[in-house]
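Here the structure comes first, spelled out in structure tokens, and everything after it is commentary.
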Amino acid sequence: MSRKILIVEDEPQLAELLADYLRAAGFEPSVIQDGREVVPWVRDHAPELILLDLMLPGEDGMSVCRELRRFSDVPIVMVTARVEEIDRLLGLELGADDYICKPFSPREVVARVKAILRRAAPAARQTTGLEIEPQAYRASLDGQVLDLTPVEFRLLATLAEHPGRVFSRDQLMDRLYEDHRVVTDRTVDTHVKNLRRKMAAVRADEEIIRSVYGVGYRLEAL
Ligand code: CA
């Protein structure tokens, strides 16, 4: 299996540091500094995952991400220097799989890369026991129907559209309510809490809906 990781980063020292850590973890990192070189490289080398910096010479990370998504579902982790930027990026629905904020610890990046590759593995996807029936407004886990409110159902169905992808609270509120000015961030947290409790009644030992600090929530690929 390919262990190639592409690091797209125009700060050479940072790129080298990341490459060192990834190499030590058994990956084969390559570094590209110019956004314009990414798409042709990915077509030729089919990496297992891409760490994509947002601010790049040549072509910015957002537009590179969009281009990649036209032909590849390789896991993409966007890297940005500002945490506030992440909410904006999420709103653009670029199709990235995760977001990392600078400054980061290289150790944390390696852990994140491993986690993403684990959940991107085809074997993991096939074992999902979650079933969503949109017309019936019914969801079941491991064959057991979950007793959900309509809002909880919409929340779960939204997260389940892209397992592993992070949704911000704003994005979730847009999907849960026609007019989300009347609700607060807290409301989403409360519904997530209730949904987790109901899912834990079926599968106690697994955190199926994961909080992503400062960003929102994602459904783990089961
Ligand atoms: Ca940069």
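Taken together, the values in this text are just the output of simple stated rules run on the coordinates, not laboratory data. All values derive from a computational prediction rather than experimental measurement. Using ideal geometry, Cβ is built from the backbone for each residue, glycine included, and neighbour counts are taken over all protein chains shown.
Would you mind giving the average projected area, over all directions, of the Cα convex hull of the range 17-77 in nm² with one decimal?
Details: hull surface 16.0 nm².
That works out to 4.0 nm², a quarter of the Cα hull's surface.
Rounding to the nearest 10 and keeping the result within 0 to 90°, find how far the Cα-based axis of helix 150-161 lies from the longest principal axis of the chain.
The angle comes out at about 30 degrees.
To one decimal place, what orientation-averaged projected area in nm² is obtained for the convex hull of the Cα set of the range 3-120?
Details: hull surface 25.5 nm².
So the Cα hull casts an average projection of 6.4 nm².
Could you work out which residue, out of Ser105, Ser211, Ser30, moves most in a Gaussian network model of the chain, that is, has the largest mean-square fluctuation with Cα springs under 10 Å?
Among Ser105, Ser211, Ser30, the largest GNM mean-square fluctuation belongs to Ser105.
I need the Kirkwood Rh of the chain: take the reciprocal of the average 1/r across all distinct C-alpha pairs and report it in angstrom.
Values: mean 1/r = 0.0538 Å⁻¹.
Here the Kirkwood hydrodynamic radius works out to 18.6 Å.
Ranking Leu176, Leu52 by Cβ neighbours within 10 Å, fewest first, what do you get?
Going from sparsest to densest Cβ surroundings: Leu176, Leu52.
For the range 124-219, rounded, prolate or oblate, judged on the Cα gyration tensor with a ≥ b ≥ c (square roots of eigenvalues), a/c < 1.5 rounded, else prolate if a/b > b/c?
Values: a/c = 1.69, a/b = 1.38, b/c = 1.22.
Prolate, because a/c is 1.5 or more and a/b exceeds b/c.
Would you mind computing, in nm to one decimal, how far apart the modelled labels at Arg107 and Ala204 are, each placed 7 Å from Cα along Cα→Cβ?
3.3 nm
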